[in-house]
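Only one structure is covered here, and it is reproduced in the block below.
FYI, it's all coordinate maths here, none of it is from the lab. In this text the structure is predicted, and so the values were computed from the model without any measurement. Cβ sites come from the backbone with ideal geometry, for glycine too, and all protein chains shown count toward neighbours.
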Amino acid sequence: MDKPRQKPPATALSPATIDMIGEDLLFNIFSKLPAVECAAAACVSRSWNATITRLLSLPKLSSAVSLDPSLQVAVNDVIDKVLACPIRPQFVIASIGPAFDLDEAHRLIAGRFGSQIPVITSTSQGIFGQNATTNEFEEVQWDTFDDDEEAHADLGNEIHGALLTVGFLPGLAIDLISLSKTRGNQVLMIDDLVLSVRERSYSRSGSASPVGILLFSDEDTDIKLVLEKFDYAFSTETVIVGDGGSQFLYRGETAINPSNNKAASSAAVALLFSRDRGKPPGVGETQFHVMLSTGISSIGPTYKAVSVRERSSDYSTWLTAKREAVHGSLDGQTILDQIYDELGGHNNCPVLYVGVMKRRKCSIGQEKPSWISTHEFHEVLRGDEEYLYVHGVGIRSGDSFRFYHASSDLARASCNTVANNFRHLKQLLNYECDDHTNSNSVAMHKKPVFGGIMFACCGRGKLFFGEPNVDGLPFLENFPGVNFSGTYCTGEIARADLSSYEQGSQEQSSIRCNLHVFSTVYLVMSYTPPSPQH
């Protein structure tokens, strides 16, 4: 009689774990977590840590706007929004409305980030970006004008709000370096700043010229002097942008103060971006691209300064001038009458500037001086039967200049040009080329744009164009869904040349212009992934 067949022993099943769903799905799950929870998840296991490290190695720019009238609520809103997704913050930039206390805002914001992370908090004339609550793009200009309430009624009475931008830029090392000034005679230690930037950039990358500099200056600082030396000292490939006139505070463990003078204060602060030659393997490179939309048009003939007087008490220059090929000096009233006639009379007169051509010697430290040519704007204050009065100093007898006036039509056309340039940039960043490692011979090399920052003149915006968001549209239409934010300021910093304003000979490309008026500066960030391993 056959024995009954015995059932085989049951095989013990391994317990199911979340790791079994695969690394790609885990990657997608982690990418939806807030930054704090994502950091905690990285401590669970080695496999999770490796996946999250890969996630946090990708480029990221995150920003948010809050218009809440409470400083505490506004700060919480923007911080919670920018940290609602995984990010490894390398730097923090905040901008607040004039109704908020700068010291308190800086304390609240810096307290939410590690002490080693550079933080810059500044006041501005307005902000634009994605609202932390509605996710809609907001453009807000704050009414800080006391002289003409009716003219600025469309801006509203609210002067509160906050913009926060947090970034991680793969392949770049980031430092803070301040520009010192002595409190006694207000001397700017510009050479010390330049030498410190060179030294830190070289130690990080092996090059004395960094990839980029984001510059914020005090409203009482003549940043033209700094920009002149920066433009002279660093490679033309170094991107320099920023806000040339605001109150600011900064914090950072890597902050460098070139001056050992305890009686010195900071007139400006530079956020320095250098290639990181110590970056880990498998990390790509971040690139910067700059576009400039101009908003002023030249008018009238070229003049040459004859008699020049500087007044340090009100930081102004009094001058007489003559027209080229015409004998005799002209007083301020005569000059302005000629300009007003071309504009159609005194009643149609916009804000006027003179663009002054300056040829000066420049050097850093003990280096041999070299000649440089710059084009600098000075706002026209008034004119009388003796002098033409302009804001600022540094004009010399013999300097030539032309008048410029703000033009919304020109600015709108310039925005359209920027939009076209963005379309061309997209084509360059997504191109086909021969790939000898690929059997198909052709490969797509994509360098995605992952963020943008904008600095716009406070004279532009809704009142200037008659509608909102004109400055933002070139970026928003070309890079939908990409993080984008910016501020209104009183001095837009960007390296450029005279050809941005005047159509003429190639010599104009050698005449540098780094501080602009009625302009908008776009800083666009793209990423080149590491080459695939074969």
Could you give the dipole magnitude of segment 445-534 about its Cα centre, charging the beta-carbon of Lys and Arg +1 and that of Asp and Glu -1, in debye to the nearest 20?
300 debye
Of Gln125, Ala74, Leu58, farthest towards positive along the dipole that unit charges on Lys, Arg, Asp, Glu beta carbons give segment 15-132:
Leu58
Within segment 29-119, trypsin sites (Lys or Arg not before Pro) in DSSP loop having at most 13 other beta-carbon neighbours inside 10 Å
Lys32
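Take the residue pairs Lys32/Lys426; Lys32/Lys447; Lys304/Lys462; Lys181/Lys361 and return only those whose Cα atoms are more than 30 Å apart.
Listed pairs above 30 Å: Lys304/Lys462.
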Here, GluC sites (Glu not before Pro) of segment 279-366 satisfying both criteria (DSSP loop; at most 11 other Cβ within 10 Å) are Glu324
Segment 289-329: which chymotrypsin sites (Phe, Trp or Tyr not before Pro) are DSSP loop and have at most 13 other beta-carbon atoms within 10 angstrom?
Tyr315
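Just check segment 357-429 against the gyration tensor rule for me: Cα atoms, a ≥ b ≥ c as the square roots of the eigenvalues, rounded for a/c under 1.5, and otherwise prolate or oblate depending on whether a/b exceeds b/c.
Working: a/c = 3.93, a/b = 1.30, b/c = 3.03.
It comes out oblate by the Cα gyration axes.
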